[in-house]
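The values are calculated or read from the model by the stated rules, or taken from the named source; none is laboratory data. Computed from a predicted model, the values in this text were never measured in an experiment. Ligands, DNA and RNA are stripped out before the accessible areas are found, and what is left, the full protein with its side chains, is counted by its heavy atoms. Shrake-Rupley method; radii C 1.70, N 1.55, O 1.52, S 1.80 Å.
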Amino acid sequence: MSRIAYVNGIFMPQDHAMVKMEDRGYQFGDGAYEVIYFKDLHLVDSIPHIERLYKSLSAIKIQLDISTQAMILKIKELIRQNKYTEGFVYLQVTRGISPRDHVYPEGLKPVLTMSVRKITYQHHSGVDVFTEPDLRWQRNDVKSIALLGNVLAKNAAAQQKGFEAWLVDKDGYITEASAANAWIVDKNKTVITTPISNQILCGITRQRLLKIMNDNGIKYQERKFTETETREASEAFLTSSTKAVVPVCKINGKKIGTGEPGPIVKQLQNLYLKFVDTASN
Ligand code: PDD
């Protein structure tokens, strides 16, 4: 049976779902997106995800006239129609359809599409990452559908059998991963992650994990860190809505700490998965 997708108000078999050739998302990458995990029909952190979508849309001057609650109802209906109990919803909003021109006409109707994928969190026993120059634009806080810099970096890492690319800015600092936030744990057991700015996406998993660390008395700092610091760290990991908390055991082929997931990342993995099991919005 084909999956069910949503295209501007209509639920339909995904095999039949289409967007127009002159959709500005297709021609210019002119749009924003979100990815929300769900388990047992509960959406994980749906409100912050949808608020971030509206923030991204407002940054690129797209106005979508759907309330957060109406959006949540549509997402839940899509999940119900697909009959999946665990997976993620991909939501995309583009500026609309019009003859190709960099200047967009006023009053375009945005195109909202949604699809679901069935996945369960993998229990990663530790992955390898490779560094790549961060060649992206200067508004990585916007969850733009234009992801060429991310795509090229992750493929460069994949070609070396890496799980992710950790992106390095022109001053030698790790910004984030191509599709996740990046973290290290120093020798004093302090968890470190890059501070929020327009250089990185403010990950919803990142924000949730910071709260979990606060609630559990785990020390952390939001500050920049380099590749050398990563190599000298005792642990490292990455976070995203589709992957949860993933231990990173090697960077550019060199072991981090013992080369095995450490105690802090294991604790954070368990705490985050426990949160997902009790999430209820
Ligand atoms: N990506 N940074 C980037 C560049 C990302 O693409 C993502 C997530 C994150 C983590 O954000 P969150 O915790 O809110 O998922 C950080 C999604 C999953 C994707 O593009 O598929």
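Kirkwood-based Rg over Rh for segment 1-126 (C-alpha set), two decimals?
The Rg/Rh ratio comes out at 0.99.
Straight-line reach from Lys39: which lysines fall under 16 Å, measuring Cα to Cα and dropping same-chain residues less than 8 apart? Within the straight-line cut-off, Lys39 pairs with Lys76, Lys83, Lys118, Lys243, Lys274. Across all directions, the average flat footprint of the convex hull enclosing the Cα atoms of the chain is 14.9 nm². Taking a straight line from the alpha carbon of Lys109, these lysines sit under 17 Å away, with near neighbours fewer than eight places off in the same chain left out: Lys20, Lys61.
What number, in nm² with one decimal, is the all-direction average of the projected area of the convex hull of the alpha-carbon atoms of segment 139-281?
8.7 nm²
Could you check how much of the accessible area of the chain is carbon and sulfur, as a whole percent, using a 1.4 Å probe? Roughly 52 percent, rounded to a whole number. Among the listed pairs Lys154/Lys187; Lys143/Lys224; Lys189/Lys211, a Cα-Cα separation exceeding 25 Å is found for Lys154/Lys187. Accessible area per residue for the chain in Å², computed with a 1.4 Å probe and the full protein assembly in place, what is it? Value returned for the chain: 50 Å² of accessible area per residue. Across segment 127-278, the relative contact order, built from alpha-carbon pairs under 8 Å that are at least six residues apart, equals 24 percent. Relative contact order for the chain: 19 percent, from Cα pairs under 8 Å spaced at least 6 residues apart, divided by residue count.
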